[in-house]
Amino acid sequence: MKREIILIGPMNAGKSVLGKLLAEKLSIPQVSMDDVRWDYYDEIGYDRQEELKIREKEGLDGVLRYWKPFEVHAVERLLAEHENCVFDFGAGHTVFEDEELFARVQKALAPYENVILLIPSADHDESIRILKERDFEGPAFALDFNEHFVRHPSNERLAKHIVYTKDKTPEESCEDILKLIGDK
């Protein structure tokens, strides 16, 4: 099994912040999907003009559907290209309605023992409320999709561990993860 740490979960769950803290504590690199995804999307024909047409015709729902094959490719490429690091995935990169796409991500994550779902609480309603209360720098409409990311079963099916972050500082959650993976 591979010991890299892969942080998954909804927007505003703390993946990037905890990724940075874990990378510092473990003296390994952090690789953020949000920093590299567009290059991976481009490899298989992502088309910004096509996305804009879809956005005009179908709204953000259509854009999110358009992104799904690109998100799968990005997961596969990111994991193939990097090792001995902490990964933080974008919220949509682990939530799929299409079972074939989900199976590809599941296969890509299978060798990793530290796939960690970050979420405030075991209670979905409470998690959604807490995530909405956190400072959010993205577009306001994205928070509406976050409820979908919380309630959808994909993340729980992919996770090998779940860390609840409610009422914890990032440093406390970092320590919880280090204990969980046996590095503390």
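Could you tell me whether any residue of the range 38-54 is within 23 Å of LYS15 (Cα to Cα), modelled with pLDDT of 95 or more and of a type outside the set (Ser, Thr, Tyr)? Spell out the reasoning first.
So in the range 38-54, the residues within 23 Å of LYS15 (Cα to Cα) come out as 38-41.
Now drop any that are not modelled with pLDDT of 95 or more, which leaves 38-41.
Then keep just the ones that are of a type outside the set (Ser, Thr, Tyr); that gives 38-39.
Yes; the residues of the range 38-54 include at least one that is within 23 Å of LYS15 (Cα to Cα), modelled with pLDDT of 95 or more and of a type outside the set (Ser, Thr, Tyr).
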_Inter-residue pairs, beta-carbon under 6 Å, first over 23 Å from ILE5 (Cα atoms) and in the range 56-84, second buried (at least 19 other Cβ atoms within 10 Å of the Cβ), 6+ apart_ = GLY62/ILE54; VAL63/ILE54; TYR66/ILE54
*Tell me which of these GLU97 doesn't satisfy, since it passes every other one: (1) modelled with pLDDT under 95; (2) surrounded by 14 or more Cβ atoms within 10 Å (Cβ to Cβ).*
(2)
*asked:* Quick check on the range 41-85: of everything there that is over 19 Å from the mean Cα position of the chain (by Cα) and surrounded by 15 or more Cβ atoms within 10 Å (Cβ to Cβ), which residue is farthest from GLU113 (Cα to Cα)?
replied: ILE54
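Looking at ASP88, is it within 20 Å of ASN12 (Cα to Cα), crowded, with 21+ Cβ neighbours inside 10 Å, among the acidic types (Asp, Glu) and at pLDDT 95 or above? Full working, then the answer.
Details: within 20 Å of ASN12 (Cα to Cα): yes; crowded, with 21+ Cβ neighbours inside 10 Å: yes; among the acidic types (Asp, Glu): yes; at pLDDT 95 or above: yes.
So ASP88 fits the description; yes.
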*Can you spot a residue in the range 30-40 that is crowded, with 20+ Cβ neighbours inside 10 Å and touching a Cys at 6+ places or on another chain (Cβ under 8 Å)?*
yes
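Return a yes/no flag: does the range 114-122 have any residue that is in contact with a strand residue (DSSP E or B) (Cβ under 9 Å, 6 or more places away or on another chain), of a type outside the set (D, E, K, R) and over 25 Å from ASN12 (Cβ atoms). Explain how you work it out, then say what you get.
First, the residues of the range 114-122 that are in contact with a strand residue (DSSP E or B) (Cβ under 9 Å, 6 or more places away or on another chain): 114-122.
Next, from what is left, pick out any that are of a type outside the set (D, E, K, R): 114-122.
Still in the list and also over 25 Å from ASN12 (Cβ atoms): none.
The answer is no; no qualifying residue exists.
The values are calculated or read from the model by the stated rules, or taken from the named source; none is laboratory data. What you see is a predicted model; the values in this text were computed from it and never measured. Because the Cβ atoms are built from the backbone with ideal geometry, glycine has one as well, and the counts that use them run over all protein chains shown.
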